[in-house]
């Protein structure tokens, strides 16, 4: 599946393809709540969330390495830097 980051002033953090019948919010809480639908136990879901968060947390360095300007990088910040990234990073492996 192709994921396209979009700044929140252009599009709110809502999933285009919902993972729950009642909620389409793009959030770690929702991802953890529906992990069982994807045959993941809570520990597996937490580990995957942390791994993805660690990869995403380096987005500024990767964008710079790819030649994006500081202004272009700052423009995309809200697509990557939010409470769900911080929450996933704080979970870490136990």
(request) Give me a count of the residues in the range 29-70 that are surrounded by 13 or more Cβ atoms within 10 Å (Cβ to Cβ) and part of a loop (DSSP other than H, G, I, E, B). (result) 4
(message) The conditions are (1) assigned to a helix (DSSP H, G or I); (2) touching a residue at least 60 places away in the same chain (Cβ under 8 Å); (3) touching a helix residue (DSSP H, G or I) at 6+ places or on another chain (Cβ under 9 Å), and residue 75 fails exactly one of them. Which is it?
(response) (3)
(request) Specify which of the listed residues (18, 26) is surrounded by 10 or more Cβ atoms within 10 Å (Cβ to Cβ), at pLDDT below 90, under 16 Å from the mean Cα position of the chain (by Cα) and over 19 Å from residue 89 (Cβ atoms). (result) 18
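The values are calculated or read from the model by the stated rules, or taken from the named source; none is laboratory data. These figures come from a predicted structure and were not determined experimentally. Counting neighbours? That spans all protein chains shown, and the Cβs are built from the backbone with ideal geometry, glycine included.
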